[in-house]
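All of the numbers you see were taken from the coordinates with simple rules; none came from a lab. Quick caveat: nothing in here was measured; it's all calculated off a predicted structure. Counting neighbours? That spans all protein chains shown, and the Cβs are built from the backbone with ideal geometry, glycine included.
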Amino acid sequence: MHPAEEVLGAVGLTEMVVRPGDTSVAIGIGDLPIIAPSHLINLMEHAAILSLDLFLEPEETTIPVSVEFISLSPASIGAELRGTYRVIEIEGK
């Protein structure tokens, strides 16, 4: 991995449009046609991976250690969502 001072502040962005198959109803965990929490986590993880992609050597990878989020407003089918991730700390390289 590149030196920490090069990586800190790196940003990853990703987008998605909620489809019928992305809903809690479709994956069987609820009765509302809103985005399933697991898809929100996937969106955030993808942004995290993109933020580090340019800084990792081909044989290096990263894994999520923990995820915490608060859903303030449900996203229904057709909603456009953006995931943004910024590197604020590097640990255990």
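Quick notes
- Taking each DSSP H run with n ≥ 4 as -39500 (n - 2.57) and averaging over every residue of the chain yields -7000 deg cm²/dmol at 222 nm.
- Across the stretch 67-87, the residues whose backbone nitrogen lies under 13 Å from the label position 7 Å along the beta-carbon direction of ARG19 are 78.
- Among residues other than PRO33 with Cβ under 12 Å from its Cβ, the summed charge is -1 (Lys and Arg +1, Asp and Glu -1).
- Crossing angle, helix 37-52 versus the chain [Cα axis fit, 0-90 degrees, rounded to tens]: 20 degrees
- Among the GluC sites (Glu not before Pro) found in the stretch 16-93, those both in a DSSP coil and sparsely packed, with 10 or fewer other Cβ atoms within 10 Å of their Cβ, are GLU59, GLU60, GLU68, GLU89, GLU91.
- Amide H contacts of ILE34: SER24, VAL25, each under 5 Å away and 5 or more positions distant or on a separate chain (H built 1.01 Å from N in the peptide plane; Pro and chain starts excluded).
- For a label point 7 Å along the Cα-to-beta-carbon line of ALA26, residues of the stretch 45-68 with backbone N under 20 Å: 45-47
- Local electrostatic count, ILE77, Cβ distance below 9 Å [Lys/Arg +1, Asp/Glu -1]: 0
- A cut-off under 10 angstrom between Cβ atoms defines the neighbours of GLU15, and their net charge, with Lys, Arg +1 and Asp, Glu -1, is 0.
- Annotation: amide H-H contacts under 5 Å for ALA10 (H modelled 1.01 Å from N, sequence separation of 5 or more, or interchain): VAL87.
- Phi-based couplings in Hz for the stretch 28-34 (Karplus 6.51, -1.76, 1.60; Gly and Pro marked x): x, 10, x, 10, 10, x, 10
- The chain - percent relative contact order, Cα under 8 Å, separation 6 or more: 48 percent
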